[in-house]
Amino acid sequence: MKITLNNEPLTLEGDSITVEGLLELKRYTFRMRTVKINGRLIGRDSYGSEVIHDGDDVKVIYLMSGG
């Protein structure tokens, strides 16, 4: 399957993957993050059940503070 992850094309095996699976695959471990699929905000409690499909546009945004 082909998706766009943070504005970069990415090819993955299979027809779908959960948000949790993608985060593990890409080793995105930083806890303060936001995930969007096709512009729709995904709640942290839905990462295990929310499925990413072929052609989806996924954004993983890290939240940081600073001055």
The range 31-67, residues that are part of a loop (DSSP other than H, G, I, E, B), in contact with a strand residue (DSSP E or B) (Cβ under 9 Å, 6 or more places away or on another chain) and open to solvent by 90 Å² or more (accessible area, probe 1.4 Å): Met32, Asn38, Asp54
Flag for Ser16 being at pLDDT 95 or above, open to solvent by 50 Å² or more (accessible area, probe 1.4 Å) and touching a helix residue (DSSP H, G or I) at 6+ places or on another chain (Cβ under 9 Å): no
Cross-chain or 6+ apart pairs with Cβ under 8 Å, the range 43-61 first and within 17 Å of Thr29 (Cβ to Cβ) and in contact (Cβ under 8 Å) with a residue 12 or more places away in the chain, then surrounded by 12 or more Cβ atoms within 10 Å (Cβ to Cβ) and aromatic (Phe, Trp, Tyr): Val60/Tyr28
Sole exception among (1) within 22 Å of Ser65 (Cα to Cα); (2) modelled with pLDDT of 95 or more for Leu10, by number: (1)
Matching residues in the range 2-13 - criterion: being at negative phi and either part of a loop (DSSP other than H, G, I, E, B) or open to solvent by less than 80 Å² (accessible area, probe 1.4 Å) (or both): Ile3, Thr4, Leu5, Leu10, Leu12, Glu13
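The values are calculated or read from the model by the stated rules, or taken from the named source; none is laboratory data. Small disclaimer: the values here were computed from a predicted structure and weren't measured. Quick reminder, even Gly has a Cβ in these numbers, built from the backbone with ideal geometry, and neighbours come from all protein chains shown. Protein only, heavy atoms only, side chains kept; ligands, DNA and RNA dropped before computing areas. Shrake-Rupley method; radii C 1.70, N 1.55, O 1.52, S 1.80 Å.
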